[in-house]
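Below is one structure; the comments refer to it alone.
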Amino acid sequence: MSEYIIETSGLTRRFGEHVSVDHIDLRVPEGKIYGFLGANGAGKTTTIRMLLSLIHSDEGSIQIMGRSLRRDREAILRNVGSLVESPSYYRHLSAYKNLKIISELMGLPERNISEVLDTVRLTPYAQQTVKGYSLGMKQRLGIAQALIRKPRILILDEPINGLDPAGIQEIRNLMLSLSHEQGITIFLSSHILSEIQSISDYVGIIQNGKLIFQDRIEELKKNSQTRLSIITDHPDEAYRALSAHGAEVELKNNELLIPITEGMSQAEIFKLLQPYSVQHVSEHTASLEDIFLQLTGKGESL
Ligand SMILES: Nc1ncnc2c1ncn2[C@@H]1O[C@H](COP(=O)(O)OP(=O)(O)OP(=O)(O)O)[C@@H](O)[C@H]1O
Ligand SMILES: [Mg+2]
């Protein structure tokens, strides 16, 4: 069996001429938090809808828990809890009643209700009608609905969208405890890099329907190596001299950028730069934002 609990191959979806999801190969390891990052319209929700079999794919395949979603849809989806966009619930009923309706529909034991209410920390408000809930509480109820069947996989589309900092922190802690204490695999989408960075073990970046990066979050951070930034009076000549000696150097707005690597020592670099009157030297570590912009090649932020 595959080491990945969710694995897609060449997954593609078109709407008319537009390719919304373009041959993506997702690899989601079991028991981890996988952040699916992309700007508005990148294809996150479309991908998630296909993973949940809410819409069909045009090409490619989806394997979940080692089984084909096309062949074993029902058996697989029994193990998957999800929240896509806003949760739906009866506003005039309490959280407990809402969960009771769902658990009866699914034929689940009533004890699951108090367990999941506890998990999402709604027990003190369980008997209040949902219409008085804050946005964060409604979102937690949505996650409780997803958890009631005790899934092995939780798929959440933009779970922190619209929440205030305290609400975001609650959801973040909830995801971490579900992953660490219950071993649930969490696949969550977001357009906010810092959000994915703060809790994910793995990250997949989707841009214009294409998966442009997928790996451990540390691998993304590795790209954020420290570089020396050097300003000289003669940047073009200095650039040519360094390049001619095999230095990995980039010239950007008259600034020389040289990664601090095993390659050329700093002493060698400065020896080569001597004829070009160095004015200023500093160390520059790219943030994840910088890396993201490098990867996507876009000026727009996420
Ligand atoms: N039902 C549909 N009909 C036509 N086009 C669609 C449909 N659903 C999605 N699209 C298009 O597919 C692309 C991807 O949309 P999708 O909703 O998957 O993006 P997203 O990454 O979830 O964006 P957001 O951050 O705004 O939620 C967009 O260009 C969108 O307009
Ligand atoms: Mg979306």
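If I filter the stretch 33-55 for residues that are more than 16 Å from ligand 2 (Cβ to nearest atom), open to solvent by 70 Å² or more (accessible area, probe 1.4 Å) and assigned by TED's automatic domain parsing to the domain that holds Q145, do I get at least one hit? There is no residue in the stretch 33-55 that is more than 16 Å from ligand 2 (Cβ to nearest atom), open to solvent by 70 Å² or more (accessible area, probe 1.4 Å) and assigned by TED's automatic domain parsing to the domain that holds Q145. For the stretch 74-88, the count of residues that are within 16 Å of ligand 1 (Cβ to nearest atom), of a type in the set (S, T, N, Q), in a loop (DSSP other than H, G, I, E, B) and at pLDDT 95 or above is zero. Can you pull out the residues in the stretch 197-218 that are in a loop (DSSP other than H, G, I, E, B), open to solvent by 40 Å² or more (accessible area, probe 1.4 Å) and within 16 Å of ligand 1 (Cβ to nearest atom)? If the condition is that a residue be in a loop (DSSP other than H, G, I, E, B), open to solvent by 40 Å² or more (accessible area, probe 1.4 Å) and within 16 Å of ligand 1 (Cβ to nearest atom), then N208 is the only one that fits. Take the conditions (1) closer than 29 Å to E85 by Cα; (2) modelled with pLDDT of 95 or more; Y239 misses just one of them, which is (1).
Within the stretch 232-240, does at least one residue satisfy the condition of being part of a strand (DSSP E or B) and not assigned by TED's automatic domain parsing to the domain that holds T8? Looking for residues that are part of a strand (DSSP E or B) and not assigned by TED's automatic domain parsing to the domain that holds T8, one finds at least one in the stretch 232-240, hence yes.
Screening the stretch 243-285 for strands (runs of 3 or more DSSP E) wholly inside it with 1 or more residues that are open to solvent by less than 50 Å² (accessible area, probe 1.4 Å) and out of contact with any Gly (no Cβ under 9 Å at 6 or more places or on another chain) returns the ranges 255-259, 278-285. Could you tell me whether H23 is away from ligand 2 (no atom under 16 Å from the Cβ), in the same structural domain as M137 (by TED's automatic domain parsing) and either within 23 Å of L122 (Cα to Cα) or free of Cβ contacts under 8 Å to residues at least 24 places away in the same chain (or both)? Spelling it out, it is not the case that H23 is away from ligand 2 (no atom under 16 Å from the Cβ), in the same structural domain as M137 (by TED's automatic domain parsing) and either within 23 Å of L122 (Cα to Cα) or free of Cβ contacts under 8 Å to residues at least 24 places away in the same chain (or both). The set of residues in the stretch 226-235 being surrounded by fewer than 17 Cβ atoms within 10 Å (Cβ to Cβ) and in contact with a Leu (Cβ under 7 Å, 6 or more places away or on another chain) consists of S229 alone. Here T8 clears all of (1) within 13 Å of ligand 1 (Cβ to nearest atom); (2) open to solvent by less than 50 Å² (accessible area, probe 1.4 Å); (3) closer than 15 Å to S189 by Cβ except the condition numbered (1).
Would you check if N223 is more than 31 Å from the chain's Cα centre (by Cα) and either open to solvent by 60 Å² or more (accessible area, probe 1.4 Å) or at pLDDT below 90 (or both)? Considered against the rule, which asks whether it is more than 31 Å from the chain's Cα centre (by Cα) and either open to solvent by 60 Å² or more (accessible area, probe 1.4 Å) or at pLDDT below 90 (or both), N223 comes out as no. Looking only at residues in the stretch 157-173 that are open to solvent by 10 Å² or more (accessible area, probe 1.4 Å) and touching a residue at least 40 places away in the same chain (Cβ under 8 Å), the one that is nearest to ligand 1 (Cβ to nearest atom) is E158. Cβ-Cβ contacts under 7 Å between residues 6 or more apart (or on different chains), taken from a first residue in the stretch 243-259 that is on the phi > 0 side of the Ramachandran plot to a second residue that is open to solvent by less than 20 Å² (accessible area, probe 1.4 Å) and modelled with pLDDT of 90 or more, are listed as N254/P235.
If I filter the stretch 24-52 down to residues being under 15 Å from S9 (Cα atoms) and part of a loop (DSSP other than H, G, I, E, B), which single residue comes out as farthest from ligand 1 (Cβ to nearest atom)? Filtering first and then ranking leaves D25. Just so you know, in the stretch 76-92 the residues that are open to solvent by less than 40 Å² (accessible area, probe 1.4 Å) and farther than 18 Å from S189 by Cβ include one that is farthest from ligand 2 (Cβ to nearest atom), and it is I76.
The residues in the stretch 61-75 that are over 20 Å from M106 (Cβ atoms) and crowded, with 17+ Cβ neighbours inside 10 Å can be counted, and the count is 2. Assessment of the stretch 177-195 against the conditions (within 16 Å of ligand 1 (Cβ to nearest atom), in a helix (DSSP H, G or I), among the aliphatic types (A, V, I, L, M) and open to solvent by less than 20 Å² (accessible area, probe 1.4 Å)) yields at least one matching residue.
Tell me, yes or no, whether the stretch 170-178 has at least one residue that is assigned by TED's automatic domain parsing to the domain that holds A39 and within 16 Å of ligand 2 (Cβ to nearest atom). No, every residue in the stretch 170-178 fails to be assigned by TED's automatic domain parsing to the domain that holds A39 and within 16 Å of ligand 2 (Cβ to nearest atom).
The values are calculated or read from the model by the stated rules, or taken from the named source; none is laboratory data. Keep in mind that this is a model prediction, so the values were computed, not measured. Counting neighbours? That spans all protein chains shown, and the Cβs are built from the backbone with ideal geometry, glycine included. Surface accessibility is based on the protein's heavy atoms, side chains included, excluding ligands, DNA and RNA. Shrake-Rupley method; radii C 1.70, N 1.55, O 1.52, S 1.80 Å.
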